[in-house]
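Structure, as structure tokens:
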Amino acid sequence: MSDWIGMGSTPRTPRPELKERVLARAFNARPMGNLWGLAAAAGLVLALAGSGVLWQRAERLSQRLAATRDTLDLLRNPGTRVIPIPVVVGARTGELTIFADTVSHRWLVTCHNLAPNAPDQAYQLWFVTERGMRIAAIMRMDGDNPMVLALDMPSGAGKVMGVAMSVEARGGSAEPKGPMLFHVDL
């Protein structure tokens, strides 16, 4: 009764070349599941790397935004005094502008069009205080780019009565030794 479904036939051995072809195909074939797994893993790695890069960029932008807001707060404060100071070096005239916040005792200093320093020199900004000159900043001007500095008033020096700028050695000086470019009483 089982002859009619093919169970009654006698098994035959396949030809040797057919058997070899079938086995070669089976061993050389790669299952698609492995390729999809590799693609998914690669996509996950790329997504994680991309999110790390985006997180770092967002953190940098957040810090820059906070600094910009801080600067704007200083500029908008009614107690902020604007002090423009011309700076002449050789035949070149630049400007140093101080935005002095009398409430927080901080300065925002911008430098525009200052002559670049010689390789072994730097501009040095000084606070003129009741107790003498105090270092405010060493400004290495290597090119024509503007410079912006945020400075806190020196502690323990008494009242800041003025500002001065000199040309000093590249590493700066504990006291003014080079030529004085300006000395302004506040």
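The values are calculated or read from the model by the stated rules, or taken from the named source; none is laboratory data. Everything numeric in this text was worked out from a predicted model, so none of it was measured. Neighbour counts run over all protein chains shown; Cβ positions are idealised from the backbone, glycine included.
Residue-wise test of (1) closer than 21 Å to P179 by Cα; (2) exposed (fewer than 11 other Cβ atoms within 10 Å of the Cβ); (3) not polar (S, T, N, Q).
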| site | (1), (2), (3) |
| --- | --- |
| D73 | no, no, yes |
| D101 | no, no, yes |
| M139 | yes, no, yes |
| N145 | no, yes, no |
| G156 | no, yes, yes |
Practice task
Would you confirm whether any residue within segment 118-136 is within 23 Å of D70 (Cα to Cα), of a type in the set (A, V, I, L, M, F, W, C) and under 24 Å from the mean Cα position of the chain (by Cα)?
Solution key: yes
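Listed residues E59, E20, E95; which is modelled with pLDDT of 90 or more and assigned to a helix (DSSP H, G or I)?
On the way: E20 fails: modelled with pLDDT of 90 or more; E95 fails: assigned to a helix (DSSP H, G or I).
From the options E59, E20, E95, the qualifying one is E59.
Condition first: of a type in the set (D, E) and within 28 Å of the chain's Cα centre (by Cα). Now tell me which residues in segment 140-186 satisfy that. Can you show your working first?
Step one: of segment 140-186, the residues of a type in the set (D, E) are 142, 144, 152, 168, 175, 185.
Those that are of a type in the set (D, E) and within 28 Å of the chain's Cα centre (by Cα): D142, D144, D152.
Residue-by-condition table, conditions (1) modelled with pLDDT under 75; (2) surrounded by 10 or more Cβ atoms within 10 Å (Cβ to Cβ); (3) in a helix (DSSP H, G or I):
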| site | (1), (2), (3) |
| --- | --- |
| P11 | yes, no, no |
| P14 | yes, yes, no |
| A26 | yes, no, yes |
| R30 | yes, no, no |
| N34 | yes, no, yes |
| G50 | no, yes, yes |
| P78 | no, no, no |
| I85 | no, yes, no |
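Can you confirm whether A118 is hydrophobic (A, V, I, L, M, F, W, C) and buried (at least 18 other Cβ atoms within 10 Å of the Cβ)? Let's see the steps before the verdict.
On the way: hydrophobic (A, V, I, L, M, F, W, C): yes; buried (at least 18 other Cβ atoms within 10 Å of the Cβ): no.
Considered against the rule, which asks whether it is hydrophobic (A, V, I, L, M, F, W, C) and buried (at least 18 other Cβ atoms within 10 Å of the Cβ), A118 comes out as no.
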Exercise for the section: Residues being surrounded by fewer than 16 Cβ atoms within 10 Å (Cβ to Cβ) and not charged (D, E, K, R): count how many of those fall in segment 123-137. Expected result: 1
